[in-house]
Amino acid sequence: MVDPHFYQPADGHGLAHDPLNAIVAPRPIGWISTVNEAGVRNLAPYSFFNLFNYSPPLIGFSSMGWKDSVANIAATKEFVWNLATRPLAEAMNVSSAMTTEDEFTLAGLESTPSRLVAPPRVASSPVAFECRLTQLIRLETKEGRALDQWLVMGEAIGIHIDPALIEDGVYQTAKAHPIMRGGGWGDYFEIGEDQLFRMRRPTGPHP
């Protein structure tokens, strides 16, 4: 048996590229739209993102640094998550630029008003969650040292779904062609029907 490559992160990984975000992958993309207190729009993708609870629906993303998205949410308590899809991949990537420009304009994206919150939605995104902030947490190391890393949790209070993605009352994940973040400097994955397999959850007592 070949010994595994073992490392202690505090001492470095010893590889050409940090494998961590390639191992924990693919990851959903938190494509977050916000506005500041003056109503200026911001749009940015975050690869540390996921759904954390069904009822109420809670989603969260983590930001490396106190960026505009976090600052806007801290001030207004609102944001929108927009589903990133393969047709929108290039525009999503453009919106990741560190800039003072309006990312909707920079990426050539139209916005559309939300119903319950101030931040707009990406008009061409087939799914969007309108969210209100529930927790803003500064992450810490095992020793309790505060990091410049911020976990934003929000409750989805309004959800928009393109009807074309619903068949017989069931949302069709692959039909939206969602994209996921991999590792490396720019690896992404598209979810399609070819990747689908099904398993039923076991019932009854475990052996």
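Laid out as a table, the results:
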quantity	calculated
Selection count, segment 82-114, where residues are touching a strand residue (DSSP E or B) at 6+ places or on another chain (Cβ under 6 Å) and over 23 Å from Gln172 (Cβ atoms)	7
Near pairs, Cβ below 9 angstrom, 6+ apart or cross-chain, from segment 147-163 (under 13 Å from Leu58 (Cα atoms)) to any residue that is buried (at least 16 other Cβ atoms within 10 Å of the Cβ) and among the basic types (Lys, Arg)	Gly154/Arg132; Glu155/Arg132; Ala156/Arg132; Ile157/Arg132
Selection count, segment 82-129, where residues are farther than 20 Å from Ile166 by Cβ and among the aliphatic types (A, V, I, L, M)	12
Any hit, segment 99-108, residues being touching a Gly at 6+ places or on another chain (Cβ under 8 Å), small (Gly, Ala, Ser), modelled with pLDDT of 95 or more and more than 21 Å from Asn36 (Cβ to Cβ)	no
Any hit, segment 67-86, residues being without any contact (Cβ under 8 Å) to a residue 40 or more places away in the chain, small (Gly, Ala, Ser) and either in a loop (DSSP other than H, G, I, E, B) or in contact with a His (Cβ under 7 Å, 6 or more places away or on another chain) (or both)	no
Odd one out for Leu165 among (1) of a type outside the set (Lys, Arg); (2) more than 19 Å from the chain's Cα centre (by Cα); (3) surrounded by fewer than 16 Cβ atoms within 10 Å (Cβ to Cβ)	(3)
Selection status of Gly14, touching a strand residue (DSSP E or B) at 6+ places or on another chain (Cβ under 8 Å), of a type outside the set (Asp, Glu) and on the phi > 0 side of the Ramachandran plot	no
Scope segment 178-197; condition closer than 19 Å to Leu165 by Cα and assigned to a loop (DSSP other than H, G, I, E, B); matching residues	Ile191, Gly192, Leu196, Phe197
Failed item, numbered, when Ala10 is tested on (1) over 15 Å from the mean Cα position of the chain (by Cα); (2) within 27 Å of Glu155 (Cβ to Cβ); (3) of a type in the set (Gly, Ala, Ser)	(2)
Count of segment 160-188 residues which are aromatic (Phe, Trp, Tyr) and in contact with a strand residue (DSSP E or B) (Cβ under 8 Å, 6 or more places away or on another chain)	2
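The values are calculated or read from the model by the stated rules, or taken from the named source; none is laboratory data. This is a predicted model, so every value here is computed, not measured. A quick note on method: Cβ atoms are made from the backbone with ideal geometry, for glycine too, and the neighbour counts reach across all protein chains shown.
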